[in-house]
1. Just flag the trypsin sites (Lys or Arg not before Pro) in the stretch 1-101 sitting in loop per DSSP whose Cβ has no more than 13 other Cβ atoms within 10 Å.
2. In Å², what does the accessible area per residue of the chain work out to with a 1.4 Å probe?
3. Just tell me the longest site-free run in the chain, where the sites are GluC sites (Glu not before Pro) in a DSSP loop having at most 16 other beta-carbon atoms within 10 Å.
4. With each pseudo-label sitting 7 Å past Cα toward Cβ, what's the N56-Q117 distance in nm, one decimal?
5. How large a share of the accessible area of the stretch 27-94, in percent, is made up of carbon and sulfur atoms when the probe is 1.4 Å and the other protein chains stay in place?
6. Distance in nm between label sites at E44 and F87, each 7 Å beyond Cα in the beta-carbon direction?
7. Any idea how far apart L107 and S25 come out in nm if each label point goes 7 Å out from Cα toward Cβ?
8. When only alpha-carbon atoms are used, what values of Rg and Dmax, in angstrom, describe the chain?
Amino acid sequence: QGQPVESGGGSVQAGGSLRLSCAVSGGPISAMGWFRQAPGKEQEFVAASGWSGGTNTYYANSVKGRFFISRDNAKNTVYLQMNNLTFEDTAVYYCNSDIRVREGLGLPFGSWGQGTQVTVSS
């Protein structure tokens, strides 16, 4: 697998929406997903999707019901639809090409993308 490449970040007002994309070149992709890091804070798990997607998806409590992860396996791409964004969602969002979920928490084992900035203004 190649390095993930993220896109779709930007600036939005609170309550708005953004969709992030993460494409990985080469080979079938396993469980992929997103982490984020806000200024002055540690990196945190956001969402992950297994190969089949659907119910095989996992979310951090802070984004459940607002963020939705999906994937297009034919394109080796994972998407993160972010709705009802708040100031607290402001962060750099990173895609990881191999996430293992343990007790609902995603752990990164794959390659990282370069990150994409999401800024939410109140």
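1. Counting only loop positions with at most 13 other Cβ atoms within 10 Å, the trypsin sites (Lys or Arg not before Pro) in the stretch 1-101 are K41, K64.
2. Averaged over the residues of the chain, the accessible area is 50 Å².
3. Between exposed loop sites, the widest span is 43-102.
4. Computed distance between label sites N56 and Q117 equals 3.6 nm.
5. Taking all protein chains in place, the stretch 27-94 shows 52 percent carbon and sulfur surface.
6. The answer from the label model is 1.6 nm.
7. 3.1
8. 13.1, 41
The values are calculated or read from the model by the stated rules, or taken from the named source; none is laboratory data. This one's a predicted model, so the numbers in the text were calculated from it and none came from an experiment. Virtual Cβ from ideal backbone geometry, glycine too; neighbours counted across all protein chains shown. Ligands, DNA and RNA are stripped out before the accessible areas are found, and what is left, the full protein with its side chains, is counted by its heavy atoms. Shrake-Rupley method; radii C 1.70, N 1.55, O 1.52, S 1.80 Å.
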